[in-house]
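A.B. asks: Input: one structure, supplied below.
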Amino acid sequence: MIRETIEKINAKNQKALSIYLTAGYPKVDSFVDLVCKVYDAGADLIELGIPFSDPLADGPVIQKSSEAALSNGVSLSSVLEMTSKIKERVDKPIILMGYANPIMHYGIEKLISDAKKAKVDGLIIPDIPLEEYEDFFTNKFKDFEITLLTTPTSSQERIRKIDELSSGFVYCVSVTGTTGVRNKFGNEVKQNLERTYNIISKNKMMLGFGISSPENIKDYRDYTDGFIVGSAVIKSLGEDDEKFTRTLKLIGELSGACKNN
């Protein structure tokens, strides 16, 4: 469903928009409604972040939201419950993004069973190294689309292997470091994107880390099949009203940049 969604959007000469949300943030009781509103505002896919106390790839904004969600009692089990409720209302892709530790603690077989019941479409587990991918995923998660990440330091050979093993899309990390809003990107970012985009042949490519504005999308739309926005949305949610007015407006603007040349 993930790849198919991106392909349909690209066929219209448009780019896909994936929004990252920390599950249960800012409030647990209104989170399912929030996700549905985010879809309505223009998101094509949603990545639900599984809160974790030591999120290595996440910057301070997402770390803070993860801490708040954990304080609100959010667990992997409740993330799956939320996913199931969302899927009852919206037939669009949901990708779970989380770290290996809580997944291993939950139990891989239990996760596979419960995620299938909740109609999860895909998984991103950024701290599983490529060298351990096949031991961790092969034949276990075959019912889900699995996304691996490339970085600016990934070699051509590594990018090809990531493309081979991924399904749905390849997550292209724009810069080295952690997630977070960035006001400016150097020329080397564009060069890396063009290089990576030309190497990837099996999958679609989505660009993330630092994408925060319609201007970013307009700058890089020629070098990717879609965009992933997380920190800018999480930051907005933390400062927003109870109707999420500013955040939904931001998502509408991001969606507009993806849809219009």
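Readers should treat all values here as calculations from the given coordinates under stated rules, not as data from a laboratory. The structure displayed is predicted, hence computed values, not measured ones. Neighbour counts are summed over all protein chains in view; Cβ atoms, including those assigned to glycine, are modelled from backbone coordinates with ideal geometry.
A.B. asks: Please compute the length gained on full extension between Lys249 and Glu67, using 0.36 nm multiplied by the number of residues separating them and subtracting their Cα-Cα distance.
C.D. replies: Working it through step by step, the gained length comes to 63.0 nm.
A.B. asks: As I understand it, the dipole of the chain uses +1 on the Cβ of Lys and Arg and -1 on the Cβ of Asp and Glu, about the Cα centre. Which of Gly49, Gly210, Leu149 lies farthest toward its positive end?
C.D. replies: Working it through, the farthest residue towards the positive pole turns out to be Gly210.
A.B. asks: Could I ask something else about it? Specify the inter-centroid distance of segment 201-261 and segment 1-43, based on alpha-carbon positions, in whole Å.
C.D. replies: First find each Cα centre; the distance between them is then 10 Å.
A.B. asks: Considering only Ser167, Asn187, Val61, whose Cα is most displaced toward the positive end of the charge dipole of the chain, charges sitting on Cβ of Lys, Arg (+1) and Asp, Glu (-1)?
C.D. replies: Asn187
A.B. asks: Structure shown: which of Lys15/Lys85; Lys140/Lys202; Lys27/Lys161; Lys15/Lys110; Lys204/Lys249 lie over 32 Å apart, alpha-carbon to alpha-carbon?
C.D. replies: Where the Cα-Cα span goes over 32 Å, the pairs concerned are Lys27/Lys161; Lys15/Lys110.
A.B. asks: Which value at 222 nm does the chain reach when only helices count, each DSSP H run of 4 or more adding -39,500 (n - 2.57), with the total divided by all residues and rounded to the nearest 500 deg cm²/dmol?
C.D. replies: -14000 deg cm²/dmol
A.B. asks: What trypsin sites (Lys or Arg not before Pro) in segment 5-77 are in a loop by DSSP, with at most 15 other Cβ atoms within 10 Å of the Cβ?
C.D. replies: Taking segment 5-77 and a limit of 15 other Cβ atoms within 10 Å, the loop trypsin sites (Lys or Arg not before Pro) found are Lys12, Lys27.
A.B. asks: I've got another one for you. How do Met206, Met104, Met82 line up, fewest other C-beta atoms within 10 Å first?
C.D. replies: By the 10 Å Cβ count, ascending, the order reads Met104, Met82, Met206.
A.B. asks: Please give the per residue volume of the convex hull enclosing the alpha carbon atoms of the chain, rounded to a whole number of Å³.
C.D. replies: Enclosed volume per residue, from the Cα hull, is 113 Å³.
A.B. asks: Let me know the charge dipole size of segment 2-92 about its Cα centre in debye, to the nearest 20, where only the beta-carbon of Lys, Arg (+1) and Asp, Glu (-1) is charged.
C.D. replies: Roughly 280 debye, rounded to the nearest 20.
A.B. asks: With a 10 Å Cβ neighbour count serving as the proxy for reagent exposure, in which order, fewest first, do Val233, Val189 appear?
C.D. replies: In increasing order of surrounding Cβ atoms, one gets Val189, Val233.
A.B. asks: Could I ask something else about it? Need the C-alpha centroid separation for segment 111-159 versus segment 63-110, integer Å.
C.D. replies: If you average the Cα positions of each part, the centres end up 16 Å apart.
A.B. asks: Stretched out fully, how many nm does the piece from Lys85 to Arg195 gain, at 0.36 nm a residue minus the Cα gap?
C.D. replies: 35.6 nm
A.B. asks: How high is the relative contact order of the chain? Use alpha-carbon pairs under 8 Å, at least six apart in sequence, and give a whole percent.
C.D. replies: With pairs under 8 Å counted, the relative contact order is 24 percent.
A.B. asks: Positive end of the dipole of segment 2-259, charges at C-beta (+1 Lys, Arg; -1 Asp, Glu), about the Cα centre: which of Ala23, Asn13, Val233 has its Cα farthest in that direction?
C.D. replies: Most positive-ward Cα: Asn13.
A.B. asks: Length gain on complete extension for the stretch Asp135 to Lys12, per 0.36 nm per residue less the alpha carbon to alpha carbon distance?
C.D. replies: 40.5 nm
A.B. asks: Here's something else I'd like to know. If you place +1 on the Cβ of every Lys and Arg, -1 on the Cβ of every Asp and Glu, and leave all else neutral, what size is the dipole of segment 2-259 about its Cα centre, to the nearest 20 Debye?
C.D. replies: 620
A.B. asks: Along the Cα-to-Cβ line of Glu242, 7 Å from the Cα, sits a label point; which residues in segment 6-47 have backbone N less than 20 Å from it?
C.D. replies: Hits in segment 6-47 for Glu242 at 20 Å: 24-38.
A.B. asks: What is the fewest-to-most order of Arg221, Arg158, Arg89 by other Cβ atoms lying within 10 Å of their Cβ?
C.D. replies: By the 10 Å Cβ count, ascending: Arg89, Arg158, Arg221.
A.B. asks: Still on this structure: Would you work out the charge dipole size for segment 193-261 about its Cα centre, treating the Cβ of every Lys and Arg as +1 and the Cβ of every Asp and Glu as -1, and quote it to the nearest 20 debye?
C.D. replies: The dipole of segment 193-261 has a size of about 260 debye.
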